[in-house]
Amino acid sequence: MTSHWYKRLVKISTSTLIILPMFLPTGSFAGIPIKNSVYFCCVLALFACWFRGAKINSVYISLSVISLLFVAFFSLVGSLQATAPFYYVFFEGVSFVSTISMVLLILMANSYNAIEDKEIVLSAFYGTLIFSLWKFVALLLLYLDVVSIYSLISFFEKYMNFKPVTLKMPGGFWRVTFSGQDLAAVVFLFLVPAYPRIFSKVPLFLRIIFMFTGTVAVVTNYSRFYFIFLAILWIYLFLFKLSFKYRLLVCFIVAVILALSFPWIMEAYELRFNSVQAKGGDITRYFQTLALLDAWEDAPILGGGLGYYAKSYVRSMYIYEVQWVAFLAKLGIVGIFFLGFLIFLLFYKILSGKRSLDHYVLAFILLFLLLSGFTNPLLISASAGILYALPLMLASILRKELLKSNSPSVTDDAGVGLHSTTE
């Protein structure tokens with residue numbers, strides 16, 4: 001009975017831990033570290049279960065220990081280099097631990113059967129739904145001049161400890177960017193219509209609301225990378241996942257949207273893709289890359305440690321848009337090799353065993369999530385850790401469906417036949 005109570009606590013704390021970062025950028029509100037409290041509760045519950053003899057995958061426990069040693073080592077290197085204040089070295093170390101441990105905690109709770117694959121996916125979805133709803137309300141109040149952009153930014157800074165990127169958009173709209181949460185919206189804008197069976201327990205009206213508010217969230221993020229990512233996913237959705245009547249419906253909806261907002265779309269496209277400001281952002285990333293590569297050459301094997309930065313191109317909080325190049329400067333070849341090993345394990349878990357075309361699509365989603373580190377600093381956060389775990393859970397769900405079917409080909413959620421499965 002006690003064991004069952006611990007297991008239930010693991011399930012509740014894990015679900016809550018997944019939901020919170022998906023709608024709270026820093027996991028805190030009004031100065032209360034909600035996510036951190038739930039995080040420690042989840043860790044303690046899992047430890048209590050393991051201590052009482054629960055079977056938790058030993059590989060995940062070993063990876064947790066190795067990852068902690070990895071972060072501790074490069075924190076020490078960064079502290080000895082003393083290029084940045086110690087509090088920043090500590091902050092960056094905590095960010096690495098939070099990201100890696102988020103993935104491993106989800107996998108450990110799942111391996112213990114405390115929380116199912118689908119429950120993990122739905123928890124992430126509900127967190128993203130809450131985010132898209134409150135962001136839509138905030139943007140609506142902003143558009144109607146009920147609040148000003150300055151008071152909105154002040155609210156986010158005061159209560160969420162987060163300052164979003166803002167920019168005036170055509171038509172009186174505003175760009176308000178919550179990068180990690182907006183990226184989650186991109187992913188679920190594909191997953192919800194592509195795999196309706198997985199989201200069948202979510203009321204239809206909530207799915208419809210999300211498709212609208214999630215689209216608003218992505219559009220007002222105003223990121224070229226997000227637009228391209230979503231366009232590729234929706235093209236695949238249109239070609240492989242929708243039935244003929246739904247394709248006609250989509251064509252009709254797109255035609256109506258283009259007819260009503262074509263001038264605005266063209267103006268937004270010019271400003272985001274062809275303007276001096278857009279080209280300036282690309283030039284900035286180019287010079288960041290050169291400066292960080294110069295910094296890496298000073299310590300190519302171990303890097304400068306956490307907190308290290310390019311002295312010729314100092315950024316606020318030493319955070320660079322070209323995050324992978326910054327990792328190379330901080331961690332050197334040894335550290336990048338370790339991160340590459342962790343990434344290999346993610347892809348291996350998605351593609352190992354029985355698989356269909358959808359598993360390669362999930363691998364593609366993970367690849368795009370990782371490529372985002374060349375455009376913005378999105379790779380290290382609790383929400384990033386959840387997004388890394390998400391394709392793994394979806395791959396597990398689809399693999400179980402494949403094993404239940406005894407035919408050489410699989411029919412997808414919308415009734416469209418997929419390619420033959422491979423062993």
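The values are calculated or read from the model by the stated rules, or taken from the named source; none is laboratory data. Note that this is a predicted model, so its numbers are computed, not measured. As a convention, Cβ positions derive from the backbone with ideal geometry for all residues, glycine included, and neighbour counts pool all protein chains shown.
List of remarks:
- Subset tally (residues that are small (Gly, Ala, Ser) and under 23 Å from residue 21 (Cα atoms)) for the range 33-76: 4
- Consider the range 96-131 and keep the residues that are crowded, with 19+ Cβ neighbours inside 10 Å and small (Gly, Ala, Ser). The one that is nearest to residue 201 (Cα to Cα) is 123.
- One residue alone among 352, 356, 381 is in contact with a strand residue (DSSP E or B) (Cβ under 6 Å, 6 or more places away or on another chain) and either within 26 Å of residue 81 (Cβ to Cβ) or among the polar types (S, T, N, Q) (or both), and that residue is 356.
- Candidate set: the range 233-245, residues that are in contact (Cβ under 8 Å) with a residue 60 or more places away in the chain and assigned to a helix (DSSP H, G or I); chosen: the one surrounded by the most Cβ atoms within 10 Å (Cβ to Cβ): 241
- Residues in the range 151-194 that are touching an Asp or Glu at 6+ places or on another chain (Cβ under 6 Å) and either without any contact (Cβ under 8 Å) to a residue 60 or more places away in the chain or assigned to a loop (DSSP other than H, G, I, E, B) (or both): 163 alone.
- Residue within the range 101-112 that is of a type in the set (Gly, Ala, Ser), part of a helix (DSSP H, G or I), closer than 23 Å to residue 24 by Cβ and over 19 Å from the mean Cα position of the chain (by Cα) present: yes
- Filter pass, residue 115 being within 14 Å of residue 397 (Cβ to Cβ), outside any helix (DSSP H, G or I) and not small (Gly, Ala, Ser): yes
- Condition check for residue 11: in a helix (DSSP H, G or I), farther than 14 Å from residue 104 by Cα, at pLDDT 85 or above and touching a Pro at 6+ places or on another chain (Cβ under 8 Å): no
- Checked against the criteria, residue 392 does not count as part of a helix (DSSP H, G or I) and modelled with pLDDT under 90.
- Residues of the range 345-375 satisfying the condition of being part of a loop (DSSP other than H, G, I, E, B) and of a type in the set (Val, Ile, Thr): 375
- Long-range neighbours under 7 Å by Cβ, at least six apart or interchain, first residue in a loop (DSSP other than H, G, I, E, B) within the range 133-149, second at pLDDT below 95: 147/141
- From the options 308, 313, residue that is surrounded by 14 or more Cβ atoms within 10 Å (Cβ to Cβ), in contact with a Lys or Arg (Cβ under 7 Å, 6 or more places away or on another chain), of a type outside the set (A, V, I, L, M, F, W, C) and not in a helix (DSSP H, G or I): 308
- Looking only at the range 162-192, and only at residues there that are of a type in the set (S, T, N, Q) and at pLDDT 90 or above, the one that is nearest to residue 264 (Cα to Cα): 177
- Taking the listed residues 331, 302, the one that is surrounded by 14 or more Cβ atoms within 10 Å (Cβ to Cβ) and closer than 16 Å to residue 96 by Cα is 331, with no other qualifying.
- The single residue among 212, 229 that is surrounded by fewer than 21 Cβ atoms within 10 Å (Cβ to Cβ) and more than 18 Å from residue 21 (Cα to Cα) turns out to be 212.
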